[in-house]
Amino acid sequence: MLDLIKNFLWNYMFVPLFLLTGAVCVFAIIKNKGATRVQGEREDGEVSPIQTLFVTLASTIGTGNIVGVSLAIGVGGPGSVFWMWVAALFGMCVSYCENALGKIYKSDKKPVGYMPDRISKAFAFFCIVTSLGIGNMVQANSAASALYTGFGIETWLTGAVFALLAFVIIKGGIKGITKFTDFFVPVMSVFFIVSALMVIALNYENVPFVFKSIFTEAFSPRAITGGALANGIARGVMSGEAGVGSTVILSSKSSTKSPHRQGIIGSIAIFIDTIVICTLTAVAILSAGAASTQSAFYSSLGTVGGGLLDMAITFFAFTTIVGWSYFGLECTAYLFGEKKKEIYKVVYAFAVFLGAVIQLEVAWAIGDISCALMALPNLLCVIFLARKIRSV
């Protein structure tokens, strides 16, 4: 039942609404020439624009960039990659508008200032659920499984260490989170990019055929009816989280007064997450002629490749856990008061341990559903407010 609800929300509600929102945002950006540019003006925000980029990347670059891409290719074929790119381009425009609107309608009371109060409360509730599910337990489970498979480390030990480290980092609030992401996000991104390029380099003779198959199979009737379009768009959307509204919570805290500058930051995050990271994953899989990311790394680099991939999954998972904690913290304070943040931190750390040691089919489904229920009202708000992006 949960899978039916999840598939209905994502495939028949979110994806069409996302594409409509993307089209509206493209038109608004072209017509208005983007949000108003404010040069050299700063306000006393909690984080710098570059820090919002790193925290955003921490929350969006997760195990889905590795596992999710291979699943999309497995279902929809190479053509899925093309539609993933299309979703990313729409996503960059949606992310630009929602993050610019986050600055225009900045509120000290609500996580997302441009949402009406009742919608904002529902959004905050589903954000907390999503942070504990997709942003936490699912990521911990992926990392624990990777470390157990690759290095024989017991899942309970991974869970305990991750829970302790996560608690120490998020205990410091936004300063602790940004201090971690400022260093770790560039390191983990470069680590995976170099690893993927090694796989691609060893299979370089297949790369031209890979790109040919991506374009030719994207438009074939068999590929579209077989799921290339739907799976590619879904992968691109879910990877970058454009339209979900989570990153807007952070954008409103940025120290810049420029909606345009914050919108650009949102677009850059989508570009790095999907166009760069997901594309490298896809090309590595297809050039190696593999069925999954894991088999591509193993077949090309042997046990070393397997170890590199397991480490990449671990890095991606942990940074996502840290990044999503901020969104949950802010929504907890909004719904229940600032003092309840301390309770959330403890619950969040416990959820990390729990996610590492139990099966998570139900957590996956609940997380996907809550994420969709976050996104749907956010997309509707962006559609109606996109014309306001020139406001200050």
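The values are calculated or read from the model by the stated rules, or taken from the named source; none is laboratory data. For clarity, every value in this text was computed on a predicted model and none was experimentally measured. FYI the Cβ positions are ideal-geometry reconstructions off the backbone, even for glycines, and counts take in every protein chain you see.
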Problem - Test: residue in segment 301-310 that is farther than 16 Å from V199 by Cβ, hydrophobic (A, V, I, L, M, F, W, C) and out of contact with any Gly (no Cβ under 9 Å at 6 or more places or on another chain) - result: no
Completion exercise
Contact list, first residue from segment 167-185 and more than 17 Å from G328 (Cβ to Cβ), second anywhere and buried (at least 21 other Cβ atoms within 10 Å of the Cβ) and among the charged types (D, E, K, R), beta-carbon distance below 7 Å, six or more apart or interchain, is none
Exercise for the section: Pick out the one residue from V55, V47 that is modelled with pLDDT under 80, touching a strand residue (DSSP E or B) at 6+ places or on another chain (Cβ under 8 Å) and of a type in the set (A, V, I, L, M). Expected result: V47
Practice task
Can you confirm whether segment 149-162 contains a residue that is small (G, A, S), in a helix (DSSP H, G or I) and under 16 Å from F350 (Cβ atoms)?
Solution key: yes
Practice task
Could you tell me which of the residues A230, A242 is of a type in the set (A, V, I, L, M, F, W, C), within 21 Å of F14 (Cβ to Cβ) and either modelled with pLDDT of 90 or more or surrounded by fewer than 24 Cβ atoms within 10 Å (Cβ to Cβ) (or both)?
Solution key: A230
Problem - Flag if G91 is under 30 Å from A143 (Cα atoms), modelled with pLDDT under 85 and either crowded, with 24+ Cβ neighbours inside 10 Å or over 17 Å from the mean Cα position of the chain (by Cα) (or both) - result: no
Problem - Yes/no for V322 being surrounded by fewer than 19 Cβ atoms within 10 Å (Cβ to Cβ), assigned to a helix (DSSP H, G or I) and of a type in the set (V, I, T) - result: no
Problem - Filtered residues of segment 340-369 (kept if surrounded by 18 or more Cβ atoms within 10 Å (Cβ to Cβ), at pLDDT below 80 and part of a helix (DSSP H, G or I)) - result: A363, W364, A365, I366, G367, D368
Exercise for the section: Considering only segment 257-303, state which residues are outside any helix (DSSP H, G or I) and surrounded by fewer than 20 Cβ atoms within 10 Å (Cβ to Cβ). Expected result: K257, G289, A291, S292
Handout entry: Unmet requirement for A317, which otherwise passes all of (1) among the aliphatic types (A, V, I, L, M); (2) buried (at least 19 other Cβ atoms within 10 Å of the Cβ); (3) within 20 Å of C127 (Cα to Cα); (4) modelled with pLDDT of 90 or more
Key = (4)
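Run down I200, I177 and say which single residue is surrounded by fewer than 23 Cβ atoms within 10 Å (Cβ to Cβ) and either β-branched (V, I, T) or closer than 28 Å to L286 by Cα (or both).
Going through I200, I177 in turn, the sole match is I200.
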Fill in the blank from the handout: Of the residues in segment 143-166 that are under 20 Å from L309 (Cα atoms), aliphatic (A, V, I, L, M) and touching a residue at least 24 places away in the same chain (Cβ under 8 Å), the one that is surrounded by the most Cβ atoms within 10 Å (Cβ to Cβ) is A143
